[in-house]
């Protein structure tokens, strides 16, 4: 990797460039339900008033998703910001692989289906084995898509698979918060239609994505244990159908939303679970996104020394000294299965061992260029977004480019519902960033405040307001430290969420309401643009700051139009590189700065 070329016209700054990613904070389309606009964001408003700013696209094709109807997410957003250009992402890659038939011609698919069809052929009817599909059950297109699942079931039938069981994780975050039955009913009809001619396809188990299976970053392994017990062992409350499970839990727990629905199994006429995972079966985890896939994958695959459910490289024990087999919970009976993920969830660790679609090949990331250019870097967030400012920002790469130049710091997240601690760990993150600014140790600092996304997903409006105002207090503290250090702040977001907290009628724009007249909460990401604010108190004229700029910042200054418009968040990389005094590498999307 070649180092970046220095810009001889750049006059330099005393302090570092600080990239602040306000996760899930965009510009709302509607006044009602925009918790960002509704919150008292005095510090952010004050920074914006004296800084050039623009709006950036953070969804759809601007971040590598199939269409502009697709909401952005934290993974593709951090990919785009850290890589400086746009790569086709999971949803698009999987759709292409299915449409072309490449997935079904691949070795992994042949092994998955061959494992169960060959067993059946060898042992006769009594030896029929099951192909299990496990994953997020919606068309949100952030972690998974139902069309992918249906296509695989149809192809499995065509390839001679006799029995399929589907283990469904209700969404309620990337789609409507109580939309589960909108997916269950047509899917049950689809399975019934296919179940003919000796083909048997049924839902086997399920539960809400924030209650079972889909934990990430080792934040709450108890979620994964509950999922394992449910999907593998069938140890959960039993029902005759998924609809019955949903309706029962909604009746027993008023106000519960889909992501929190309790675990269940479907029982047959004999009262026994119909979808336990047994020796000789095959399992496909059909989520294409990596962060909430690694832990359940480790439960199926891992026998090596591990750290947070991810196998250590080369069998070397991890920093916590853990050695031996998987130790996150007692798996009990561990079935010998042929397991595959939809994609490779960690390219460095090669997890899972078998996957159906290759992820995008991302190279020449900002982090790699900065390391090659001797730039000292700090990346920091709390557990919920730590992997985003490291792994995803670095192009789905685990580890550092240069351990001598880079420090990565994780602040442990609280393990409890986010609405109960909407401030999360933003003050702790700010404490460390302020310390880093004063130390003079770093040239580039990147941080993620998760509040707008994680609390936004709860759908609880007042909690989101609180989360925004708590984060805003920290922005004010960091600004003061930046002034003292002579630093530059680049404030942006990876996608919207808290800016769109109510469901709206697509035609009229009116707020959708429940029977009692209260607004229907929206827990998914938005399609809204996000801010890009460049706060540069030691500005020396290298780029346009707007009209009437005299060097003495004031609220009356006109900074509108000073930055380029119509760009996506992939422009953040080139922007930071320019502010560090380098020329962006060839092939990067343009910076927002209008360099003179």
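The values are calculated or read from the model by the stated rules, or taken from the named source; none is laboratory data. Because the structure is a prediction, the values reported are computed rather than measured. Counting neighbours? That spans all protein chains shown, and the Cβs are built from the backbone with ideal geometry, glycine included.
State which residue is modelled with the highest pLDDT when the search covers only segment 61-74 and only residues that are surrounded by 24 or more Cβ atoms within 10 Å (Cβ to Cβ) and part of a helix (DSSP H, G or I).
Residue satisfying both the conditions and the ranking: 63.
Could you tell me which numbered condition residue 311 fails, if it satisfies all but one of (1) modelled with pLDDT of 90 or more; (2) farther than 22 Å from residue 79 by Cβ; (3) surrounded by 21 or more Cβ atoms within 10 Å (Cβ to Cβ)?
Among (1) modelled with pLDDT of 90 or more; (2) farther than 22 Å from residue 79 by Cβ; (3) surrounded by 21 or more Cβ atoms within 10 Å (Cβ to Cβ), residue 311 violates only (1).
Can you name the residue in segment 225-235 that is surrounded by 23 or more Cβ atoms within 10 Å (Cβ to Cβ) and in contact with a helix residue (DSSP H, G or I) (Cβ under 9 Å, 6 or more places away or on another chain) and is also farthest from residue 136 (Cα to Cα) among such residues?
Among those that are surrounded by 23 or more Cβ atoms within 10 Å (Cβ to Cβ) and in contact with a helix residue (DSSP H, G or I) (Cβ under 9 Å, 6 or more places away or on another chain), it is 232.
Report yes if some residue within segment 249-264 is crowded, with 21+ Cβ neighbours inside 10 Å and assigned to a strand (DSSP E or B); otherwise report no.
yes
Take segment 470-496 and flag every residue that is in contact with a helix residue (DSSP H, G or I) (Cβ under 9 Å, 6 or more places away or on another chain), under 17 Å from residue 537 (Cα atoms) and in a helix (DSSP H, G or I).
475, 476, 477, 478, 479, 480, 481, 482, 484, 485, listed by residue number.
Residues checked against (1) under 33 Å from the mean Cα position of the chain (by Cα); (2) over 29 Å from residue 141 (Cα atoms); (3) modelled with pLDDT under 90; (4) in a strand (DSSP E or B):
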| site | (1), (2), (3), (4) |
| --- | --- |
| 523 | yes, no, yes, no |
| 531 | yes, no, no, yes |
| 546 | no, yes, yes, no |
| 550 | no, yes, yes, no |
| 555 | no, yes, yes, no |
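From 373, 358, 323, 293, which residue is at pLDDT below 95 and more than 30 Å from residue 65 (Cβ to Cβ)?
323
Tell me, please, whether a residue that is modelled with pLDDT of 95 or more, more than 17 Å from the chain's Cα centre (by Cα) and either surrounded by fewer than 20 Cβ atoms within 10 Å (Cβ to Cβ) or assigned to a helix (DSSP H, G or I) (or both) can be found in segment 116-133.
The answer is yes, given that some residue of segment 116-133 is modelled with pLDDT of 95 or more, more than 17 Å from the chain's Cα centre (by Cα) and either surrounded by fewer than 20 Cβ atoms within 10 Å (Cβ to Cβ) or assigned to a helix (DSSP H, G or I) (or both).
At pLDDT 95 or above, under 17 Å from residue 533 (Cβ atoms), touching a helix residue (DSSP H, G or I) at 6+ places or on another chain (Cβ under 9 Å) and part of a helix (DSSP H, G or I), is that true of residue 437?
When the stated conditions are applied, residue 437 does not pass them.
Identify all residues within segment 454-469 that are assigned to a helix (DSSP H, G or I) and in contact (Cβ under 8 Å) with a residue 12 or more places away in the chain; write none if there are none.
Within segment 454-469, 454, 456, 457, 458, 461, 463, 464, 465, 466, 467, 468, 469 meet the criteria.
Return yes or no: is residue 511 farther than 24 Å from residue 394 by Cβ, touching a residue at least 60 places away in the same chain (Cβ under 8 Å) and surrounded by fewer than 18 Cβ atoms within 10 Å (Cβ to Cβ)?
Yes: the conditions hold for residue 511.
Those residues that are assigned to a loop (DSSP other than H, G, I, E, B) and in contact with a helix residue (DSSP H, G or I) (Cβ under 9 Å, 6 or more places away or on another chain), I need them from segment 405-420; list them, please.
Within segment 405-420, 405, 412, 413, 414, 415, 417 qualify.
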